[in-house]
Amino acid sequence: MPTHEQKPIHGDDEQFDPTHMIEMCAAQNSTGGAGGKFPIVLWGANNFSHLLPPGQWLVWDKACGAGPHSSFADTEFAWTTRKTPRSIFHHMWMGLLRGEDSTNTSKRAHPSQKPVELMLWCIETARIGLGKTILDPYMGSGSTGVAAVRTGRKFIGVEIDREYFDIACKRMSDEQAQFKMFSEEELGDQLMIANAELRGRPLADGPA
């Protein structure tokens, strides 16, 4: 039986067309300011850049300037509607060489799986407010959902492959279970800490 890394991704053999997502958000973003009320972040967008309107590019540096030459791509690119001075995220993710990914997933569960840390950075870069809803219509193994749970955002995920859908649900369920160990007050403190660290501004004295 093929492993998760060998299993093809549904639709990967076709040209992706982001028009439906762009038009839907554009209708809502007419008065949303810098990037709109419903910002979009699309990873792999360099593969269909000719279909995109003007926006901003984000770069994930996967090699971090280290390691020998390999067949793995050392960067990935995302297109976003959100105007931001932030554009580069450094996190090692080259084959077996990986930076810390703070989930209980011991190995990659999806061929194009992204580290939770990258999704945390995307949430902050896109300026998604606490309690807001994040939609991932191509959820894969659920890294975006885990990041949403961890930082107090709501999440809607869509995945056509039932096997990957189940993996994503388990990862998010495991993340939610971590919060069940805290009281309501402690949970609030944990979310404050998580969001302060996400912004690169740890709380000076910690929670009271």
Exercise for the section: Write out, first by first residue and then by second, each pair whose Cβ atoms fall under 8 Å of each other, whose residues are 6+ apart or on separate chains, and whose first residue, in region 139-155, is on the phi < 0 side of the Ramachandran plot while the second is crowded, with 24+ Cβ neighbours inside 10 Å and of a type in the set (Ser, Thr, Tyr). Expected result: PHE155/THR144
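Please enumerate the residues belonging to region 14-34 that are at pLDDT below 80 and of a type in the set (Asp, Glu).
First, the residues of region 14-34 that are at pLDDT below 80: 26-34.
If the condition is that a residue be at pLDDT below 80 and of a type in the set (Asp, Glu), then no residue fits.
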Exercise for the section: Could you check VAL116 against (1) surrounded by fewer than 19 Cβ atoms within 10 Å (Cβ to Cβ); (2) modelled with pLDDT of 90 or more; (3) of a type outside the set (Phe, Trp, Tyr) and say which number it fails? Expected result: (1)
Practice task
Determine if region 75-91 includes at least one residue that is modelled with pLDDT under 95, closer than 20 Å to THR19 by Cβ and surrounded by fewer than 14 Cβ atoms within 10 Å (Cβ to Cβ).
Solution key: no
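The values are calculated or read from the model by the stated rules, or taken from the named source; none is laboratory data. Because the structure is predicted, anything quoted here is derived from the model rather than measured. A quick note on method: Cβ atoms are made from the backbone with ideal geometry, for glycine too, and the neighbour counts reach across all protein chains shown.
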